[in-house]
Amino acid sequence: MARCPVRSGHFFEKRECQSMSKATPDITQRVEELRSVIDDHNYRYYVLDDPRIPDAEYDRLFRELQTLEADYPELASDTSPTRRVGSAAETSFEEVVHRLPMLSLDNAFNEDELREFDRRVRDRLGISEDVEYVCEPKLDGLAVSLHYENGALTTAATRGDGYSGEDITANIRTIPSVPLKLRGEDVPDLVEIRGEVYMPKDGFEQLNRRLAERGEKTFVNPRNAAAGSLRQKKSTVTAKRPLEMCAYSVAVTDESLLPDTQWDGLQRVQSWGFRINPEMRKAKGVEECLEAYSELMAKRDTLPYEIDGIVFKVNRLDQQNALGFVSRAPRWAIAHKFPAQEELTVIEDVEFQVGRTGAVTPVARLKPVFVGGVTVSNATLHNMDEIRRLDVRIGDTVFIRRAGDVIPQVVKVVPEKRPSGAREVELPDHCPVCDSDVIQIEGEAVARCSGGLFCPAQRKEAIRHYASRKALDIEGLGDKWIDIMVDQGMVKTVADLYHLTTDDLVKLERMGEKSAANLVAAIDKARKPVLWRFLYALGIREVGEATAKGLASHFGTLEAIAAADEESLQSVPDVGPIVAGHIRSFFEQTHNRETLDALRDAGVEWQEEQIQKGDKPLKGQTWVLTGTLSGMTRDEAKEKLESLGAKVAGSVSKKTACVVAGEAAGSKLAKAEQLEVPVLDEAGLVALLHEHGVDAG
Ligand code: IVH
């Protein structure tokens, strides 16, 4: 719901009084008119879910009223729709004694218990025919009691212990679906409305996101969020919380003023300006109640707010009165509960899973627990930040929440239940699937496996990306075939694609001769890609088309990109430290280099690119010369390499881009081999120099 200043949570401070002139009758009338029009629009929007004007129009009316009220303070009114902004004054939550106790409901946990309730009702009423019930969703929020005198809201209180609660009037006034003034002509002098204050699911998600971003404590569920919001000392804070209120009962001093059923009573309550639940329905007899239960249960996850069951209430008030109360609950109502969406269990271990894009995600292995209607034994912990935020350790007792189809979440640790041997969770250095390095980039929550081309967990995604239109554009190699080929073990890395034959492919179910031949031909066509496409196809994180083009035209060859250090990578437009880090870690992985070799062996030749003028192809690279060269001296070779931008060093390290090994090369060559640094012989050096237009003598 994005809407007006009040509706969207942006509030305007009351302006200084700018005019000391008295309000004319015209102005007074306009203010009254605006209040009534805005109240009508609010009613349509919050109660009937049926807005009639665009947000901008509503905003204009609202601002006009605000301006007039600021200019003519003598027109101020507590029931004006502008008075929902809350106050910075601290609420003291005075005790309020309920005129009538706020009772609770008995529960039925299964069908038999519900049938038993219905039988008791009929026995007590001495009837055998079906009783009419009202079926109302049991909202998962907090019960409140609101008093209206002569149509104006006077006091709002929490349920408390049922006999007395706390005065939360200032906070309740900020909830847009609570009328400050009752609508209509037939409003009794004294009215008490009871209902539930709750936080809709999307508002809850947004609030938690906002709190997490600010590093503040998040709420475990919408109910706690609603409770926490109503308990705010400053109503300006409550005003920013997305709370709603739904009425479910009404009491007046003179009962003859009310209709004689629960259903009609609530329709009247709605006409006074309250939201009532749109899912409410009538049911004749217990069988229809059971149907209503199943239907509501099936809808549960799609509702915009949380419910924890359904309440059945005898519809006729004379029957309700005849049934009366027992201890603290009415005999005429019962709550049929849905399966709980939160339970406690123990984290037995935390393992790390690798997703298809390489994200390394911690997963809690749980002592199995029945929650949200299923047995849950795993829950995602998202990332290391989340583990730190929750302060989760192995051995902890935690709240598990499973609402709807959402994957089960660990929402809170119970610190008092932490055993002495509880273990901290540590991010592994190596991918649990392929053993490549796990990289955690600073500022990014997600850790990733860097073995993109090789990692079995990422296989399908890597192949899909490689074959995609913007990459090597292998026509006919769709997701379906990739799934089949990988699942059957025919293809492990992109290099394997190039070894597929028509004979291999026709063995696949529903692959005809012609399609097989076409696919082999399409793969063959992808043997000589231009460098940037090939680079993009490798699926290096955050190397999109534009970055791939920039890298290709800056460095000219894949070898140069693979050898470039982070600093020189960053001289390419759009490449910052994070992308440079991704590129480096990709090429540092032995497995990725092996896959590149396998591609080369399979006959894939990525085309070199014209280096953009002014850029030196070996810029940022460190080369080492060793052994004796026959066609030039070591100094000449050094000079020529330097003319291409390389730095020439005396010793080999992991960072060395390439070693040129002449005759009788010794320990430096051995070191290069040990560190898997690329080695060129003299012929290779001469070819490289030629390629870049340097005279090799
Ligand atoms: S009727 C005497 N109707 O459930 C009748 N309660 O366990 C008392 N609740 O404290 C309540 N939705 O907070 C009623 N449609 C509904 C309800 C509802 C939620 C909550 C309410 C109450 C609790 C009783």
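Data for the structure
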item	result
Residue in region 228-236 that is away from the ligand (no atom under 16 Å from the Cβ), touching a strand residue (DSSP E or B) at 6+ places or on another chain (Cβ under 9 Å) and either assigned to a loop (DSSP other than H, G, I, E, B) or among the acidic types (Asp, Glu) (or both) present	no
Residue in region 165-175 that is of a type in the set (S, T, N, Q) and within 16 Å of the ligand (Cβ to nearest atom) present	no
Matching helices (runs of 4 or more DSSP H) fully within region 550-592 where at least 3 residues are more than 15 Å from Thr622 (Cβ to Cβ)	577-588
Extreme residue, farthest from the ligand (Cβ to nearest atom), among residues of region 214-227 that are surrounded by 18 or more Cβ atoms within 10 Å (Cβ to Cβ) and of a type in the set (A, V, I, L, M, F, W, C)	Phe219
Of all residues making up region 615-670, the number that are without any contact (Cβ under 8 Å) to a residue 40 or more places away in the chain, in a loop (DSSP other than H, G, I, E, B) and within 16 Å of His692 (Cα to Cα)	3
1 or more residues touching a residue at least 40 places away in the same chain (Cβ under 8 Å): qualifying helices (runs of 4 or more DSSP H) within region 421-534	459-467, 494-497, 513-525
Long-range neighbours under 9 Å by Cβ, at least six apart or interchain, first residue under 24 Å from Leu142 (Cα atoms) within region 104-123, second part of a loop (DSSP other than H, G, I, E, B) and within 16 Å of the ligand (Cβ to nearest atom)	Ser104/Arg159; Ser104/Gly162; Ser104/Arg328; Asp106/Arg331
Subset tally (residues that are buried (at least 18 other Cβ atoms within 10 Å of the Cβ) and under 20 Å from Phe274 (Cα atoms)) for region 59-82	3
Residue within region 374-382 that is out of contact with any strand residue (DSSP E or B) (no Cβ under 8 Å at 6 or more places or on another chain) and part of a strand (DSSP E or B) present	yes
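Table: residues versus (1) modelled with pLDDT of 95 or more; (2) on the phi < 0 side of the Ramachandran plot; (3) more than 16 Å from the ligand (Cβ to nearest atom); (4) in contact with a Gly (Cβ under 7 Å, 6 or more places away or on another chain).
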residue	(1), (2), (3), (4)
Met102	no, yes, no, yes
Asp112	yes, yes, yes, no
Asp140	no, yes, no, no
Thr155	yes, yes, yes, no
Val178	yes, yes, no, no
Arg194	yes, yes, no, no
Asn208	no, yes, yes, no
Ala212	no, yes, yes, no
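Conditions tested, residue by residue: (1) aromatic (Phe, Trp, Tyr); (2) more than 30 Å from Asn150 (Cβ to Cβ); (3) under 14 Å from the mean Cα position of the chain (by Cα).
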position	(1), (2), (3)
Glu185	no, no, no
Val197	no, no, no
Phe204	yes, yes, yes
Asn208	no, yes, yes
Leu211	no, yes, yes
Arg214	no, yes, no
Lys217	no, yes, no
Asn221	no, yes, no
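The values are calculated or read from the model by the stated rules, or taken from the named source; none is laboratory data. Computed from a predicted model, the values in this text were never measured in an experiment. No Cβ is skipped: glycine too gets one built from the backbone with ideal geometry, and neighbour counts run over all protein chains shown.
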